[in-house]
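Nothing in this text is a laboratory measurement; each read-out follows from the coordinates by a stated rule. From a predicted model like this one, the values you see are computed outputs, not experimental measurements. No Cβ is skipped: glycine too gets one built from the backbone with ideal geometry, and neighbour counts run over all protein chains shown.
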Amino acid sequence: MNGKREYGDYQTPIGFAEKVCVYLKEYRHIRPSAIIEPTCGSGSFLKSSLIFNANEYYGIEIDPDYCEICRNTVNDKKVKIINADFFTFSSKSLVKDTRQILVIGNPPWVTNSTLSVIGSDNIPIKENFKGLKGLDAITGASNFDICEYIILQLINEYSNTNTVISMLCKTSVARNVFKELKRKNINFSSCDILEFDSVKVFGINAKTCVLLIQLSEKNSSSDICSIYDFENPTTVKSQFGYINGKFYSNFDIDEENFDGRCCFEWRQGVKHDCSKIMELTMRNGILQNGQKETVHIEDDVVFPLIKSSMFKSPIIHSFSKYVIVTQKKAREETKHLKHDAPKTWEYLTDNVELFEKRKSSIYKGAPKFSMFGVGDYSYSKYKVGVSGFYKHPLFSVLYSDDGKPVMTDDTSYFIGFNEYDMAYVAMLLLNSEKVQDFLTSIAFLDAKRPYTKKVLERIDFDKIVGSLTLKDLLKTEKELNLSCYVTLYMYETFRLFINMNME
């Protein structure tokens, strides 16, 4: 019904599949005894991999039409095409000659959420396959790329063998796979990325690569992933990986090391998944919702809102966007609004069907009109926030002229302060050249969300205040086009606060 989209379908051109197989044979000297293409589609890799002259070939494909194409185009008696669902089928059990297995292919490039939205049956059983903890296990962090899921399942299936896995995927998927190899202590001797031009190969604009993993029977693991250009595969472009257990996105950047533990807790903003009702815009003193309806509700539940796209100034204190906050903390009962804020309760009840359509599992069993990302921290008078999306993060001081706490959306992150001067100094430190360079070394700038809580919580303010001087802050202030405000007394007060929190 959804055609190729249901299968995340980008069939590999035969010419490119041939180049990949030639590279594996001539440059990597791979001599497989058996070859498997787990989501073989029309069979480009199966056909191209005949140059290895392996003893066994297996293609697995859920689409019977593609199976028929494979049988007609890959003319070799050693090749077996199996019409089966990867998610319920074990390919390893097919192989008889296990001296060296090559698993090669191009898995679907689509997320499980997308498949769910279009009603596809081509989807794995929903599970917390990365072992995420807490809220991450039931919110957006558990949304995953089907390609990544397939590669990790193959790694689990063929672990502790001399198997080579060669998969086309997005570069972001390849990086996640490398991290999982390390996190799960999988034995592998190498993990490399060969970037190629997706526009030329597939006609799409995405950062893509050939991910090449050499699994191992021996107890071995590499801390480094090397990146090559597929057109120049003998020269390393860059490397990323782990140094002393800490992850760095680029070993080539020369920056001061501010890596450690943040003494402030970075928080994510509010999540409600009902923006048409919960988010309001002030127009000529009147609040309107996303359906252009005028909204008359109690002021107590309405707060200024900063969304990711609004982080454009180092100090933000006036607003046109607002959000209704129904709870003080997650899963708090909301029935009291019926009496404490009757207009709000009536407004929300009139739109209850939109809340009931929210698909995220976090709302199951939760009180009516529930939100997440709310707690005491949400009500800090001053915040220093940042968008998770921008390649060059701008940290902003957030406060409202009317004294109300400012809320951020769930694609933004913040730390809270009781005093403006403390927030101001933190903002200058985070926007300083040295700290920005450090952040570049631990974040992948081509990721959809380069700056996450995991990245931000590595910022060690103790190390920062031990390195940066008032002169650095004054320089940052000037670069941000701010009036001269910071003083030595403010900075020393901030330093003292940091030192006390590190004890």
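Data for the structure
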{"item": "Inter-label distance for residue 219 and residue 261, nm, one decimal - labels placed 7 Å from Cα along Cα-to-Cβ", "result": "2.9"}
{"item": "For peptides 270-278, 420-428, sequence by mean Cβ density within 10 Å, most packed first", "result": "420-428, 270-278"}
{"item": "Per-residue ³J(HN,Hα) for the range 229-242, Karplus 6.51 cos²θ - 1.76 cosθ + 1.60, θ = phi - 60°, Hz, x for Gly and Pro", "result": "9, 4, 7, 9, x, 9, 10, 6, 7, 6, 9, 9, x, 10"}
{"item": "Residue 96/residue 22 FRET efficiency (R0 41 Å; Cβ-Cβ; nearest 0.05)", "result": "0.95"}
{"item": "Theoretical gain in end-to-end length, residue 331 to residue 481 [0.36 nm per residue, Cα-Cα removed]", "result": "49.8 nm"}
{"item": "Ranking of 344, 294 by count of other Cβ atoms within 10 Å, fewest first", "result": "294, 344"}
{"item": "Where labels lie 7 Å past Cα in the beta-carbon direction, separation of residue 160 and residue 11 in nm", "result": "4.0"}
{"item": "Cα lying deepest toward the dipole's positive end in the chain, options 219, 79, 242, charges on Cβ", "result": "79"}
{"item": "Of all DSSP beta bridges in the chain, antiparallel share, percent nearest 5", "result": "65"}
{"item": "Expected 222 nm ellipticity per residue - DSSP helices of 4 or more, -39500 (n - 2.57), all of the chain, to 500", "result": "-8000 deg cm²/dmol"}
{"item": "Nitroxide proxy distance, nm - points 7 Å out along Cα→Cβ at residue 29 and residue 360", "result": "5.2"}
{"item": "Segment residue 237-residue 457, length gained on full extension (0.36 nm per residue, minus Cα span)", "result": "76.4 nm"}
{"item": "Fewest-first sequence of 56, 419, 37 by Cβ atoms within 10 Å of each Cβ", "result": "419, 56, 37"}
{"item": "Percent RCO, i.e. relative contact order, over the chain, from Cα pairs under 8 Å lying at least 6 residues apart", "result": "11"}
